[in-house]
Structures are given as C-alpha cells and as structure tokens.
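Reading through the structure tokens given below for one structure.
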Amino acid sequence: MIVKAGVHRVYAAEQQRYRDAHARSAALAARSAPHFLYGLPMHWMRDWPLPHPLFVAQAQGNRLRCVDGREYTDFCLGDTGAMFGHSPEPVARAIAGQAARGLTAMLPGERLVEVGRLLAEAFGLPRWQLTLSASDANRFVLRWARAITGRPRVLVFDGCYHGAVDDTLVDRADDGRTLARASLLGQVHDLALGTVVVPFNDAASVEEVLAVGDVACVLTEPALTNCGLVPPAPGFMEAVQAACRRTGTLFVLDETHTVSSGPGGHARVLGLEPDVVVVGKAVAGGLPCAVYGFTDAVGERMAAAKDAAAPGHSGIGTTLAANLLALAALEASLREVMTDANYARMLDGAARLQHGLDGVIADHGLPWTVTRLGARMELQFCATTPLDAAQARAAMDEPLERALQLYLLNRGVVITPFHNMLLVPPMVTQADIDAVATALRSFLAEVSRA
Ligand SMILES: Cc1ncc(COP(=O)(O)O)c(C=O)c1O
C-alpha cells in the first residue's frame, strides 16, 4: 500500500539527490534566469517535477545525456516529437544535406512530389498541406471546416488537447456546459459560442449534438492521450464517424500522438476513414513540421471556398510552413524512419514493457493499470482503464506522480511529465525495459513505508 507520508519523504529525498548530481545544470539555470521568463525558453519546461531544469548536452537514439554527464533512457521522447528516437540518422543526414542548399524560400522544393506520394501512401489520403506545428495544423483545419460547411461550431471531447488552439481549450462543467479552460491566459472570447464539448465514449451525446446540424467538424484523437490515456470503447469511433456521415459533419482525426499505434496511425488499426487527418511532432523526425491530409472531395470544397473568397489573407498558413528543410526531413522520415520494421520493434518493445510493469503492479497488489495503445502506455492510478476524462482525472495523484517521475529520473529513466506516459522507440533494449521495472519496484518499496 502507498503511504502518503512515504511519498512526501521520497520526493524530498529525491529533490536533494537531484541537486547533488546536477551542479552544472543548476549553474546554467542560474545564468539563464535573467534572460528568460522563469529562466526558460518556453515556460512549460518549468512543469517538470525537478528542483531546477535539466540541461541536455546530447540526445541520440533513446539516450539523453545531461550537462553533468549523466545518461538517461528516454521514454518521454520530447512528448512524441522524438518518437522514433532522437536525431534519426536518415533525417539528420537529409537536414545536413539540405542545410547547405537553402532553408526556406516560400516556394515549393523539388522534393514535394515525392513527399506527397509518401504521405498519401502512409495515411491513405490523397491531398495535403504542411504547417510548422500540430497546433497550427489543427487551427487551420478548424478554419477550413467552418469555411467549407458554413457551420459555426466544432465538437471536441472533454479532456482533449490539440495544441494551442483556442477553440479546443475547453472543459465540460458538471452540468454539461462548455467552459473555457480555467488556466487559459489572455482569452477574451466566449469559446462556448463556437465549441461544444461532450464526454469521450458517449456516442449518444455526439449524435444528439450533431443532429442540430450546426457543427462543422468533430475534432478528436482516436484515443485521448493528454488526459492520462483513454482508449475508445469498442465501436465508439465508428459511431462518431457514422454520425458525422449522417449529418454532413467532417470527421477529423488528430493522430499527432496516436501515430505511435503503427503505420497509418490508429485510424488504420480501427479501420476508420476520416475526412481529414492531422499529424505533427514526429512526422518529420522531430524537426518542426506538421501535415494535414484530406479527401479529394474535401480538397475540392476547400479550393471552392478559397476561390469564392475576397482576395487577401485567409487566416490559414504561415511564412515558414513547408520550408525546404522541413520537406527534406519529412521525406527522410516517411521513407526511412516511419517504416514497418521500426513500428514492429516499437510495438514489440511496448508489449514487453507493459508486461514488466504489470508484473510489478501485481506483485505489490496495487489497484493500478497500465493502459497501452500501440507503442505508448500510461501508468494510471486506478484499477481499470478510464472510460472518459472525468474518470482519468479522478485517477490522477499529483504528489505521487511527481515523486515517481523524479525517482525514475534519478535512476536514469525519463518518462513524460504532466502525466505518466512512456513511449517506446525502435532501439529500446530489454535492459532498458528491465531498468524501468526495477526502478518502479524499488520506488514502490520506498513509498510503502511512512
Ligand atoms: C494530440 C495533439 N495534437 C496536437 C498537439 C500540438 O502539438 P504542438 O505542441 O507540436 O503544436 C499536441 C501536443 O501535445 C497533441 O498532443
């Protein structure tokens, strides 16, 4: 049994252990402090459960080395950006080659034809657009969806995360209302005017909302991956897709995280046929780039909307999108990194890791679950996999989570902060997997004592 006092004791001890081992990171943090907000180039980096930031000297494969010379096995992998390992050799080679021949020109590079072919082959959709981030891709897709349907609202699921996209940064109140997320900064619009939020795995609610006929698209991940991990119940995604078809609503899948399920993402696992797919983060091997793909029918409606609009800014697209460097990285990633062979290694490694963690949990008799979706898994503090965001939130325990994450990091294992996600890259070894299970076992022994 986990003892609260044990969790606090372990966290305090691990903070000291971290400080003792990271003098150079501490010094760099002190020197960065005057020049950056919170001393960091991006304020979320503060949310790691560390006494001060960990500065990276090198990231290669599934290894991170910090400036204090310590080595880590990385199961966070930049929260998916480095899903196939850091700096995959084909992508690094393509970037280096292209870097000498131009970075950005606001003109298409000669690789475009091949990139289009590879994207269509990988995700089964014929037409594509490129952006710099998945946030941008989702934002632009929502805009296109409203433009081509003439409908004002979008439907998302409670607990969703699709990036820095205002329309999707909503929560569901206990009484079912759609509320702007309480944590948002600088948000002045009434998000409930343009967004409706319903519980995941609740097909009846989706059908009821779509029946009104004012929803441009459903935007969802095939499983919620940002609120713990909430897989779709059997038939749920199919029911959402069918309701979209019946009501003329676009069915948009954000596969930015779930592309870890295998070639073609989780849509292929479930046999879904979305109208639009978004893939970001790892799609170009970790270089900033995202893509959205769509059917010919959607493409024709997009072109018609653009052609009918007044000339000028569409509100869609950015100057550096589809730059020459991104095309080079994307081509290399699609052709040489996102391969069936790499996915097979990832899925096999993930199954072995889940097995190892399940064993430790069973030995301790804990009511915890490892929920796995392809190559990613989530350690959840509940006896069964949650069915929706409310259940997933109820299973969270912040003090326990941060103590666990810091304890693992101090033993050379990095997992994703904010929740307990472990992503398994192709180069994972059995020793890497065993190290996680061993560290979890000793953590549990520690926190079971007051
Ligand atoms: C499912 C999903 N979509 C989109 C995004 C946004 O990605 P980015 O932060 O690279 O824009 C995220 C980020 O975590 C995500 O989890």
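For region 386-419, taking the residues that are free of Cβ contacts under 8 Å to residues at least 60 places away in the same chain and in contact with a helix residue (DSSP H, G or I) (Cβ under 7 Å, 6 or more places away or on another chain), the one that is surrounded by the most Cβ atoms within 10 Å (Cβ to Cβ) is identified as Leu404.
Within region 227-249, restricting attention to residues that are under 24 Å from Cys382 (Cβ atoms) and more than 16 Å from the ligand (Cβ to nearest atom), the residue that is surrounded by the fewest Cβ atoms within 10 Å (Cβ to Cβ) is Pro234.
One residue stands out in region 250-264 among those that are assigned to a loop (DSSP other than H, G, I, E, B) and more than 10 Å from the ligand (Cβ to nearest atom): the one that is nearest to Gly299 (Cα to Cα), namely Gly264. Of everything in region 57-89 that's more than 21 Å from Thr429 (Cβ to Cβ) and not in a loop (DSSP other than H, G, I, E, B), which residue is farthest from the ligand (Cβ to nearest atom)? For region 57-89, the residue satisfying everything is Ala57. Going through (1) closer than 30 Å to Val206 by Cβ; (2) surrounded by fewer than 18 Cβ atoms within 10 Å (Cβ to Cβ); (3) within 27 Å of the chain's Cα centre (by Cα) one by one, Gly150 falls short only on (3). Consider Met346 carefully, then state whether it is assigned to a strand (DSSP E or B) and within 29 Å of Gly69 (Cα to Cα). For Met346, the condition - assigned to a strand (DSSP E or B) and within 29 Å of Gly69 (Cα to Cα) - is not met. When Leu270, Leu224 are checked against the criterion of being under 21 Å from the mean Cα position of the chain (by Cα) and either more than 16 Å from the ligand (Cβ to nearest atom) or more than 24 Å from Val170 (Cβ to Cβ) (or both), a single residue qualifies: Leu270. Would you mind stating whether Gly286 is surrounded by 23 or more Cβ atoms within 10 Å (Cβ to Cβ), outside any helix (DSSP H, G or I) and within 16 Å of the ligand (Cβ to nearest atom)? For Gly286, the condition - surrounded by 23 or more Cβ atoms within 10 Å (Cβ to Cβ), outside any helix (DSSP H, G or I) and within 16 Å of the ligand (Cβ to nearest atom) - is met.
Picking from residues in region 156-182 that are part of a loop (DSSP other than H, G, I, E, B) and away from the ligand (no atom under 15 Å from the Cβ), the one that is farthest from the chain's Cα centre (by Cα) is Asp175.
Could you check region 106-126 and list, in sequence order, the residues that are under 23 Å from the mean Cα position of the chain (by Cα) and not acidic (Asp, Glu)?
Matches in region 106-126: Val115, Leu118, Leu119, Ala120, Ala122, Phe123, Gly124, Leu125.
Residues in region 97-116 that are acidic (Asp, Glu) and free of Cβ contacts under 8 Å to residues at least 60 places away in the same chain: Glu110 only. Within the set Arg393, Arg402, Arg411, the sole residue that is more than 24 Å from Pro53 (Cβ to Cβ) and among the charged types (D, E, K, R) turns out to be Arg393. Taken over region 265-283, the criterion of being touching a helix residue (DSSP H, G or I) at 6+ places or on another chain (Cβ under 6 Å) and in a helix (DSSP H, G or I) is satisfied by Gly265, His266, Val269, Leu270, Lys281, Ala282.
We did not get these values from a lab; they are worked out from the coordinates using the rules stated. Model, not experiment: these values are computed from the prediction. Cβ: placed from backbone, ideal geometry, glycine included. Neighbour counts: every protein chain shown.
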